[in-house]
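J.: Before I ask anything, let me first share the structure, which is written out below as structure tokens.
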Amino acid sequence: MPKFSRRLPPHADLNALAQALARAGAAGMAVADLTESNPTRAGIAYPPDLLRGLAGEAALRYEPHALGLPSAREAVARDHARRGVRLDPGRIVLTASTSEAYSWLFKMLCDPGESVLVPRPSYPLFEHLARLEGVSTVPFELEYHGRWTIDVASLAAAPADARAVIVVSPNNPTGSYLSAGDVEQVSALCRDRGWALIVDEVFADYPLEADAPPTDIAARSDVLAFTLGGLSKSAGLPQLKLGWIVVGGPPEAREAALAGLELIADTFLSVATPVQLAAADLLERAPAIRTRIHERVRANLAALRDAAQPFAACEVLRTEGGWSAVIRVPATRGEEQLVLDLLEHEGVLVHPGYFFDFQREAFVVVSLLPRPDVFREASMRLLRFASS
């Protein structure tokens, strides 16, 4: 057996839920999947000619630009203008995905063994992305008191080797935006400690409340900051693999970061030419897709809240934006046993809270993307089963 790097996260064994799902599939069980997060599998209607821009003759020529084709970077800048933000295309770096954006930022900001600060609960991929770069993750807490907020004391207790703090607005899966107060407090710590600020705003186009806080935090930041976005969520097109980093902050630090990112990007040149050439057309047509997705998640969240009313033991927590909802359920059994039993007896698949590093039980997380008829019926079965 060859010896592999310790950076490679453990991955050989399927967890209990994945094993149970495989058995259900082998037995031919019909499963209502309330974890579906891929809009292309959720019955969202897409224009049939949406990908026409990928087939142009210009895509047959390869003329690489490390930070991305100027036309594509200009298209991203124009798209941000709809949110009231004027961006210099020169401050935009194209990547093949948000995950790659994280990888490049960890390469640039951290030496092996140093750490980045990540919210808890949040997206479970952070630990893998950091570990693959030889970087560790240190959590800071999000607390729920009617809405999710950052526990600034846990953030301030970060170790001395921390190089950056990651915030997600709205967060996945809690759906919480950073408030103006959150941004001010986190920025103050970044200024004091010399941290960079990484702001993941991939779900920023999907507010679920009328008073969503401002987005595009890096563009407004007075500390070195990076905002991440991409076609995967903003246009519902995860298969096209186009993301971006907006670099903000003091001019000297910003230009140094852009130079570092250019070196890394030039080393990999990972963003495909066809999608860059199509970026302007895709972003111009994205609002129609975004509206359909937005209508879906709003309708499913409303249906979930209505369905939960007869079940006093279950609480749908406040969700300010994004594609997910968190449900607090009775802690009459462990989360893992609950989701396994729910799959076996009701044929409904949900995420347990511990997948997202919730620190106490019992929570389950559902996607708001599934087809409305499937979502309504499966949500009712989930709530009834969890309450029994």
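Bear in mind that the values in this text are calculations on the coordinates, not laboratory data. Remember, predicted model here, so these are calculated numbers, not experimental data. All Cβ positions, glycine included, derive from the backbone under ideal geometry; neighbour counts span all protein chains shown.
J.: Per DSSP H run of at least 4 residues, take -39500 (n - 2.57); add these up for the chain, divide by its residues and hand me the 222 nm value, nearest 500 deg cm²/dmol.
T.: Values: 11 runs with 147 residues, N = 388.
Using -39500 (n - 2.57) per qualifying helix, the result is -12000 deg cm²/dmol.
J.: Under a straight-distance cross-link criterion of Cα-Cα below 21 Å, which lysines are reachable from Lys241, leaving out those fewer than 8 residues away in the same chain?
T.: Output for Lys241: Lys107, Lys233.
J.: What dipole magnitude, in Debye to the nearest 20, does the chain give about its Cα centre under +1 on Lys/Arg Cβ and -1 on Asp/Glu Cβ?
T.: That gives a dipole near 540 debye.
J.: In degrees from 0 to 90, rounded to the nearest 10, what is the angle of the helix 372-387 Cα long axis to the longest principal axis of the chain?
T.: 60 degrees
J.: What ³J(HN,Hα) values, in whole Hz, does the Karplus curve 6.51 cos²θ - 1.76 cosθ + 1.60 give for segment 358-366 when θ = phi - 60°, with x put for Gly and Pro?
T.: These are the phi-based 3J(HN,Hα) values: 4, 8, 8, 9, 10, 10, 10, 10, 10 Hz.
J.: Hey, another quick one. Given the C-alpha centroids of segment 84-117 and segment 1-30, what is the distance between them in whole angstrom?
T.: Taking the Cα centre of segment 1-30 as reference, the centre of segment 84-117 is 30 Å away.
J.: For segment 182-272, rounded, prolate or oblate, judged on the Cα gyration tensor with a ≥ b ≥ c (square roots of eigenvalues), a/c < 1.5 rounded, else prolate if a/b > b/c?
T.: oblate
J.: What are the ³J(HN,Hα) couplings of segment 277-290, residue after residue, when phi is run through the Karplus curve with 6.51, -1.76, 1.60 and θ = phi - 60°? Round to Hz, x for glycine and proline.
T.: Whole-Hz 3J(HN,Hα) from phi for segment 277-290: 5, 8, 4, 4, 5, 5, 5, 5, 9, 4, x, 5, 5, 4.
J.: Something else about it: Quick check on segment 115-255: take the gyration tensor over C-alpha atoms, sort the square-rooted eigenvalues as a ≥ b ≥ c, and tell me if it's rounded (a/c under 1.5), prolate or oblate.
T.: Values: a/c = 1.25, a/b = 1.15, b/c = 1.09.
Verdict is rounded for segment 115-255.
J.: Let me ask something else about it. Quick check: Cα centre of segment 205-262 to Cα centre of segment 358-388, how many Å?
T.: Centre-to-centre (Cα) distance: 31 Å.
J.: Provide the packing ranking of 194-206, 224-236, i.e. peptides ordered by the mean count of other C-beta atoms within 10 Å per residue, highest first. Before the final figure, lay out the partial values.
T.: Details: 194-206: 22.8, 224-236: 25.6.
Final packing ranking: 224-236, 194-206.
J.: Would you give the gap between the C-alpha center of segment 33-63 and the C-alpha center of segment 121-146, rounded to a whole Å?
T.: Using only Cα atoms to place each centre, the spacing works out to 30 Å.
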